[in-house]
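Every read-out reported here was derived from the displayed coordinates using simple, explicitly stated rules and does not represent laboratory data. This one's a predicted model, so the numbers in the text were calculated from it and none came from an experiment. Note that we place each Cβ from the backbone using ideal geometry, even for glycine, and neighbour counts take in every protein chain shown.
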């Protein structure tokens, strides 16, 4: 059994040799270094072909940059044909996009330039393209069009090297799981990390075969146009900002959306095709992150029985934000192709459930989403690091050397350390403003504290870079002296050994992300702060409350709102003044959490959860549920003296419809079958329904001795008894109904021909028109359900969207609670030896589960649960003949 680990980039890439005309590989520390001839407002290079440059730093910053650039390279180049096994990589890589080609000899993108920035220019370009003669190449008028033929310069020797792009946390977690045996036979699926149009077919085949045979990796090759349009434009311009609550509102974003979603679809399809072509029955498929949201559904369409999991490493926004995406439906439906959709923390999982309920009008439960014919589980499980491997890496000589260098250089200073990507998400600007306020507010620290901010570069943040540069310059001008520089701002990355050294000597780590899926830097900081003697710091963490890590640290961190500069400044002072015993107390709890939520445990928990839910889905699938065995049923029935029947009415004993149609559709044969069953005094029969008490009494007035369950368990008329038992508190019911009616009135005014059906304990908002449901009505229904669920959360009420209505009903009472009451009221002499439950819909599943519990606990010797529907179910048997088949079964039993 193989586990496919599907993510955008493979953990390996290729370094080509003997290309003197290409720029030589540089260290990552050189990437983003200042180019004094470049203006900060200059036009940007392609995301895949270069990196942006920062404004010219002050001389003091340049001096510090030179200090941290003493290491000649960040990533090790191994001899040809050799690759160091079990290489630990930085969890939060923050590698500048397109930088791999600067570290290694790799081709540049041949993708066409992006569309014009404004919609008007974009439309004109589209019109011109449509007006172009058909026999003319679409690029013939483009003077900048590049030759699409293969480039012979790349027909050269090459080496497999560790990739600098991709998800470092995932790579480390998989490696740790392999080391401990939690995983085996892993097959990575992803891109090679650079554009490949210039490579010929033979070269691609060679690369693919070597990576598959020696490194358990399947390479997905796509065109440069798909690569650039997917990653640079749709993912980075649309998805990444929206997932982090940064809704793109510049007109160009709309052009990019129109231009690039087709590339997103194309690349996702290429990934799905690669997995499908290599899949064997029993394999496990794990798909990772927002780059591949459509892949689960694409695979499910070809492999309906496959075990598919999806994990989102970023945050998932609220429904109000996600609904701003033009392709929202396709993205959600793509995710719902998985058996299990997993997130870092409960908040993101809740947002996903709410978004699907609101946009797709599907029923959301605590465990997942109920679709028409299957269930999708939703789960949260935070990723972690590999503490053991990190501790080993920290003991290497380079790290110890850099610890000594940093301690000597900043002797007598208190160090605040930070490492972030310089973008609008990571909150670098907010951190610098808070630090500036700290220096102004607490002048006694002016000559004692240094903030070392490592800011890795990106390619589309010139405005942010300019703003940050102004703040840095102001801090330097106001607070610097000849003997002290309070801020070291490095517009470059640093080597892994330097990074570990800084985490080891820091007096606090400061993370002010405006929104982040997890942030593993703080986990690595905790491990690096442990040690013996002088190497033991146990320093506190200042952490944004908007990161996933803040949700699992249980208050042991110093949580801050990055927008509250005053509180951030105070948090710096608290961290620097914290007594040693308080540091130790917080650190012990932090370390326990980090050691519990490791990368290996994350892999193990996800694997176990996926196996569990896939097995459950398989058992509940209609194709897996056996047909009802009439012979076995008859034998069990004849051998017992006390029998209990719980039969759903709508859709089970009669065709589903509204109240009037249901009454008219109640044939005489249903009445006759029930009377025949009750003629045997050993039988107790209950009808379960969503109808009201009056409606049920009208329908079954000719069946004396029949028990009735009305409004899905809110009212009960016991078998062979008069009068109704009300389980619900009517005073509380009337109170919540009054609140919900005001909400429903808002939607009634907006959905044509909609109306509210008022029952004793529930309300139903109907919005079906002429037998059809239009998209606008469905969207309003989803909003209505979420509105009610949010507003009435404390009133024990839930709103459930269905295909043509929204059902608002109490949480505490259902058919299952009514069934429990019936069983509890039966004395030992009347305790049934034979239990038969029949249903067809979502509200019958609770009774099926209750009956299974009765069987498992030995409460009844013979239990049979039967569904006549087509949805996935926990029932033990199915009747493919539907209502007719069930009535025939009841008639057979009555005649015995």
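Rg and Dmax of region 405-496, both derived from C-alpha coordinates alone, stand at 13.2, 38 Å.
Computed from the C-alpha gyration tensor, the three semi-axes of the ellipsoid equivalent to region 780-896 are 31, 20, 11 Å, from longest to shortest.
Fully extending the segment from residue 779 to residue 209, taken as 0.36 nm per residue of separation minus the present Cα-Cα distance, adds 200.4 nm.
May I ask what percent, to the nearest 5, of DSSP beta bridges between residues of region 387-579 are antiparallel? Write out the running numbers ahead of the final one.
On the way: 0 of 21 bridges.
So the antiparallel bridges amount to about 0 percent of the total.
Grab the beta carbon distance between residue 612 and residue 279, set R0 = 22 Å, and tell me the FRET efficiency rounded to 0.05. After rounding to 0.05, the efficiency reads 0.55. Averaging 1/r over every pair of different alpha carbons in region 193-307 and inverting the result gives a Kirkwood radius of 15.7 Å. Equivalent-ellipsoid semi-axes for region 692-845 (Cα gyration tensor, √(5λ), whole Å, largest first): 32, 17, 14.
Available extension along the chain between residue 746 and residue 856 is 34.9 nm, counting 0.36 nm per residue and deducting the alpha carbon span. Using equal-weight Cα scatterers in the Debye expression, the normalised intensity of region 540-581 in log10 at q = 0.16, 0.31 Å⁻¹ is -0.39, -1.09. Label zone (residue 246, point 7 Å along Cα-to-C-beta; backbone nitrogen cut-off 19 Å) within region 464-480: 464-472. A simple packing score, the average count of other Cβ atoms within 10 Å per residue, orders the peptides 802-814, 703-715, 575-587 as 703-715, 802-814, 575-587, with the highest score first. Let me see the P(r) profile for region 730-810: every Cα-Cα distance counted, bins of 10 Å, each bin given as a percent of all pairs. Per 10 Å bin, starting at 0, the Cα pair percentages come out as 20, 57, 21, 3.
Taken over the alpha carbons of region 703-751 as equal point scatterers, the Debye sum produces base-10 log I(q)/I(0) values at 0.19, 0.20 Å⁻¹ of -0.71, -0.74.
For region 387-579, the Stokes-Einstein estimate of translational diffusion at 25 °C and a viscosity of 0.890 mPa s comes to 146 µm²/s, using the Kirkwood hydrodynamic radius over alpha-carbon pairs.
Using Cα pairs closer than 8 Å and at least 6 residues apart in sequence, work out the relative contact order for region 730-810, in percent. Working shown, then result.
Details: 106 pairs, mean separation 23.8, N = 81.
Taking the mean separation of contacting Cα pairs over the length of region 730-810, I get 29 percent.
What ranking do 395-407, 718-730, 882-894 get when scored by the average of other Cβ atoms within 10 Å per residue, highest first?
So the peptides 395-407, 718-730, 882-894, ranked by packing, come out 882-894, 395-407, 718-730.
If you take the beta carbon distance between residue 725 and residue 896 as r and set R0 to 35 Å, what does 1/(1 + (r/R0)^6) give as a FRET efficiency, to the nearest 0.05?
Details: r = 32 Å, r/R0 = 0.91.
Between residue 725 and residue 896 the formula returns 0.65.
Diffusion coefficient (Stokes-Einstein, Kirkwood radius over C-alpha pairs, 10 °C, 1.306 mPa s) for region 264-407: 93 µm²/s, rounded to a whole number. Highest mean packing first, where packing is the average number of other Cβ atoms within 10 Å per residue, the peptides 202-215, 839-852 line up as 839-852, 202-215. For the pair residue 605 and residue 536, a Förster radius of 41 Å applied to the C-beta separation gives a FRET efficiency near 0.85, rounded to the nearest 0.05.
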